[in-house]
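For reference, the structure is listed below as structure tokens.
Quick note: the coordinates plus some simple rules give every number you see, no bench work behind them. In this text the structure is predicted, and so the values were computed from the model without any measurement. Cβ placement follows ideal geometry from the backbone for every residue including glycine, while neighbour counts extend to all protein chains displayed.
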């Protein structure tokens, strides 16, 4: 109760520190002695003591008013790396501010509030506070309160004020360095066996980079004729093209149904790892989530995976006309997968019933959450 009252006083006015309480007690003793003895010098001492206490109570709130705070943008990091958090405290007053303390109110899911004592900030000077916050799990973390406290200049009274200083920290999921991923590779091979190049299916022989020139043959498209070279050589010359192959389109989709927490975190890591593996193989790859729909830009994908939660509201419906790599904990969803899809299934350890997976049309892999995810992503399909 006493602590609450003290915090309330500090937040709205100022509250005495231990030294202030001692001085107040001594002042009262001097005042009581003066009342009993009617000694003038005791009245003078007690009066000066009370004046000093009043002066010391007024100054701390005024010192805090002259401070301006700015927060620099926090750059995204991958889970396991440190966030770099930087704040600037500018003293706008003509006098130095001392005995200062600043506290960044981090969200409890990230860490405890971070505290930094500051000995002094000179007039018109800026104090830069940089700290490094470890991260363990992906997510988008938001907080906005920064608390300033000071006992300046005499250390007899403390005053604190909160400032709103919005912060957003994005922690991306880990990306596993896959050397192979049959789940992704298999879709490209299957499409190639149907006669489609590992590239944009809409691409034709009239598109690509010019590799060389050759004489015109009957049946060559007229648009491939290189007229300037034809005029120079005296006969028709045709451009030979090198196809721009960027890989079979892969759609990685995360089930928005029920998940066991650790399984879902593994699924997010798997989705990020397969996405970047497909990019490395020069395939066209997109991610589908219930909240974002189909997205393909790297930053958008990473931010979507940082923010995703199980059972997100379905804003964009699941694609039904294109094969997917389906990440789920519920094998009953396999029945609705488009033709030629693949799947990854995490066993629900909270379920008392053993799950049996039989799906001949859409092969996939069953993930054991107790084993290495990277090695399982690199193993052949069931």
Q. What base-10 log of the normalised intensity I(q)/I(0) is obtained for the chain from the Debye formula, alpha carbons as equal point scatterers, at q = 0.09, 0.10, 0.12 Å⁻¹?
A. -0.75, -0.82, -0.96
Q.
Could you tell me the calculated FRET efficiency between residue 145 and residue 339, based on Cβ-Cβ distance and R0 = 45 angstrom, to the nearest 0.05?
A. 0.30
Q) Each label point is 7 Å from the Cα along the Cα-to-Cβ direction; what then is the distance between the points at residue 378 and residue 120, in nm? A) 5.9 nm
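I'd like the antiparallel share, as a percent to the nearest 5, of DSSP beta bridges with both residues in the range 1-142. Kindly include the intermediate steps, with their values, before the conclusion.
Working: 21 of 22 bridges.
Of those bridges, close to 95 percent are antiparallel.
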Q) Over all directions, what mean area does the Cα convex hull of the range 1-172 project, stated in square nanometres? A) 11.6 nm²
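Give the shape of the range 1-87 as rounded, prolate or oblate, defined through the alpha-carbon gyration tensor: a ≥ b ≥ c are the square roots of its eigenvalues, a/c under 1.5 means rounded, and otherwise the shape is prolate if a/b is larger than b/c and oblate if not.
Values: a/c = 4.77, a/b = 3.14, b/c = 1.52.
Since a/c reaches 1.5 and a/b is larger than b/c, the shape of the range 1-87 is classed as prolate.
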Q | Calculated FRET value between residue 222 and residue 298, using beta carbons and R₀ = 51 Å, to 0.05 | A | 0.80
Q. In the range 246-377, if every C-alpha pair distance is counted and binned at 5 Å from zero, what percent goes to each bin?
A. 2, 10, 22, 24, 23, 14, 4, 1, 0
Q: Give, as ranges by residue number, the residues of the range 128-167 whose backbone N falls under 17 Å from the point 7 Å along Cα→Cβ of residue 50.
A: none
Q: Note the angle between two axes, namely the Cα long axis of helix 40-65 and the longest principal axis of the Cα atoms of the chain, as a number of degrees from 0 to 90, rounded to the nearest 10.
A: 10 degrees
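Please give the length that would be gained between residue 330 and residue 213 if that part of the chain were fully extended, namely 0.36 nm times their separation in residues minus their C-alpha to C-alpha distance (nm, one decimal). Working shown, then result.
Details: separation 117, 0.36 × 117 = 42.12 nm, distance 5.53 nm.
This chain segment gains 36.6 nm when fully extended.
Starting from the Cα-Cα distance between residue 36 and residue 19, subtract it from 0.36 nm times their residue separation and give me the gain in nm to one decimal.
Numbers: separation 17, 0.36 × 17 = 6.12 nm, distance 2.60 nm.
Taking 0.36 nm per residue and subtracting the Cα distance, the gain is 3.5 nm.
Calculate how many DSSP beta bridges within the chain are antiparallel, expressed in % of all such bridges and rounded to the nearest 5.
Working: 49 of 67 bridges.
If we restrict to bridges inside the chain, about 75 percent are antiparallel.
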Q: Provide the FRET efficiency to the nearest 0.05 for the residue 94-residue 166 pair, computing r from the beta carbons and using R0 = 30 Å.
A: 0.50
Q: Take the alpha carbon atoms of the range 292-324, find their center, do the same for the range 1-66, and report the distance between the two centers in whole angstrom.
A: 61 Å
Q. Would you list 238, 314 from fewest to most Cβ contacts within 10 Å?
A. 314, 238
